[in-house]
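Nothing in this text is a laboratory measurement; each read-out follows from the coordinates by a stated rule. All figures in this text were calculated on a predicted structure; none of them were measured in a lab. We place every Cβ from the backbone using ideal geometry, glycine too, and count neighbours over all the protein chains shown.
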Amino acid sequence: MKTTDATLKLKIAVLFGGRSGEHEVSLLSAKSVLEVLDPAKYEIFQVGITHEGRWLTGPDARAKLENGNTESLTPCIILPDPSRPGLYAIRNTQHGTILEHITLLDAVFPVLHGTFGEDGTLQGLLEMADLAYVGAGVTGSSVGMDKGVFKDVMRANDIPVVEAIILLRSEIEKDIQSAIREAEAVAAYPLFVKPANLGSSVGITKCNNRADLAEGLLEAAAYDRRVLVERGVNGREIEVSVLGNEDPQASVAGEVQPSREFYSYESKYMDGTSALLIPASLPAETAEKIRSLAVKAYKAIDCAGMARVDFFLEKETGEIYLNEINTLPGFTNISMYPKLWEASGLPYTRLVDRLIELALERKAERDRTEHRFRRVT
Ligand SMILES: Nc1ncnc2c1ncn2[C@@H]1O[C@H](COP(=O)(O)OP(=O)(O)O)[C@@H](O)[C@H]1O
Ligand SMILES: [Mg+2]
């Protein structure tokens with residue numbers, strides 16, 4: 001493998017924290033990733049992004065971000081200009097602020113969830129910088145992030161999703177009665193209201209009546225300009241991990257049994273009692289159908305590297321609905337994404353290695369693309 005280093009170690013920047021509501025979740029995911037990256041194979045540069053969006057590097061950046069003691073860390077930056085590659089320190093000197101080169105990079109591993117990490121914005125910077133990076137590119141990330149656009153792309157590909165509409169915050173604020181009428185036209189209660197671009201169940205309300213709905217619309221609108229209203233499904237929650245670039249593979253299916261009425265933030269991260277059943281107990285045919293839909297959805301949004309694809313299996317009808325895709329899913333060693341791969345024969349350490357390989361393969365594929373007009377002579 002080609003590296004930037006004579007010692008043949010790949011230089012990898014691991015990014016974590018970030019400006020989203022999932023900052024803390026990211027620190028947990030990054031802890032597991034950093035623990036298994038083999039120091040014989042990789043030279044690791046930890047880059048923590050604070051809630052405010054400052055980039056800070058240093059050997060213990062993750063632990064320091066977690067403890068809120070970041071003074072000793074070095075402010076750093078990746079520039080969008082590929083002629084100035086890798087990681088730079090930002091230093092204040094008596095002559096003003098200067099940039100000092102820290103290292104070249106072979107790849108970036110963004111262990112960031114949600115806005116400014118999973119939504120294509122960071123991916124845009126890394127494309128500009130001409131860097132290899134783990135996970136989906138700009139399109140896959142941004143389409144995967146917006147639950148409304150994502151559902152439209154699924155419908156266009158004959159992948160079943162529940163009935164839903166998007167309302168804008170400006171519409172909700174202007175005329176809540178009219179927003180309620182539109183929402184109630186989607187389906188009978190219960191309805192789910194959620195911010196279109198968020199994760200970890202933040203801002204999501206299960207609405208059993210009109211009063212809940214009015215409250216839910218305002219709650220979701222606090223978190224996003226775009227609010228999704230959808231039919232509540234009484235379903236089992238089935239998840240599949242997908243891995244790969246051009247020829248992605250699906251893991252076995254798993255099931256989440258939330259500890260609360262739905263898989264809320266508390267139920268995901270605070271109770272510790274939501275059960276992950278791996279593999280999910282399903283008829284072989286249903287499991288196969290779900291796995292193939294997961295791969296189809298992955299390809300439809302031009303995903304790369306990895307994604308976890310989540311489904312509802314409706315209890316009354318047996319219908320399968322694709323709920324959402326997570327292009328940077330929870331990644332601690334006890335998270336569903338790696339657990340499903342472990343159960344499919346790929347242990348956590350090898351999974352992390354494979355993701356870095358996929359990042360390099362994708363970059364090599366991208367480098368084959370002609371960016372200038374090739375004049376035929
Ligand atoms: N239409 C729905 N019907 C039933 N439950 C839902 C629906 N939408 C969301 N939920 C519940 O809320 C949880 C979080 O919603 P989800 O769309 O997965 O957002 P997030 O990106 O925050 O995980 C789901 O895991 C599920 O428990
Ligand atoms: Mg979810």
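So which GluC sites (Glu not before Pro) in segment 53-130 end up in coil per DSSP with only 15 or fewer other C-beta atoms within 10 Å?
Taking segment 53-130 and a limit of 15 other Cβ atoms within 10 Å, the loop GluC sites (Glu not before Pro) found are E71.
Within segment 192-272, list the GluC sites (Glu not before Pro) lying in a DSSP loop whose Cβ has at most 13 other Cβ atoms in a 10 Å radius.
Listed in order of number, the matching sites are E246, E261.
Let me know the shape class of segment 164-231, please: from the alpha-carbon gyration tensor, a ≥ b ≥ c as square roots of the eigenvalues, rounded when a/c is under 1.5, otherwise prolate if a/b is greater than b/c, or oblate.
Oblate shape, in that a/c is at least 1.5 and b/c is the bigger or equal ratio.
Note down the magnitude of the dipole of the chain about its Cα centre, charges +1 on Lys and Arg C-beta and -1 on Asp and Glu C-beta and zero elsewhere, to the nearest 20 debye.
780 debye
Over segment 267-329, how many pairs of lysines fall under 25 Å by alpha carbon, counting only those 8 or more apart in sequence or from different chains?
So the count of such lysine pairs works out to 4.
Can you tell me the dipole magnitude for segment 257-340 around its Cα centre, using point charges on the Cβ only (Lys, Arg +1; Asp, Glu -1), in Debye to the nearest 20?
For segment 257-340, the charge dipole is close to 320 debye.
For segment 10-133, compute the orientation-averaged projected area of the C-alpha convex hull (one quarter of its surface), in nm².
7.5 nm²
For the chain, what mean projected area does the convex hull of the alpha carbons give, in nm²?
23.2 nm²
Taking +1 at the Cβ of each Lys and Arg and -1 at the Cβ of each Asp and Glu, which of F45, T317, T286 sits farthest along the dipole of the chain towards its positive end, judged by Cα position relative to the Cα centre?
F45
Divide by every residue of the chain the summed helix terms, -39500 (n - 2.57) for each DSSP H run of at least 4, and state the resulting mean residue ellipticity at 222 nm, rounded to the nearest 500 deg cm²/dmol.
-9500 deg cm²/dmol
Given charges of +1 on the Cβ of Lys and Arg and -1 on the Cβ of Asp and Glu, with all other atoms neutral, how large is the dipole of segment 164-231 about its Cα centre, in debye to the nearest 20?
120 debye
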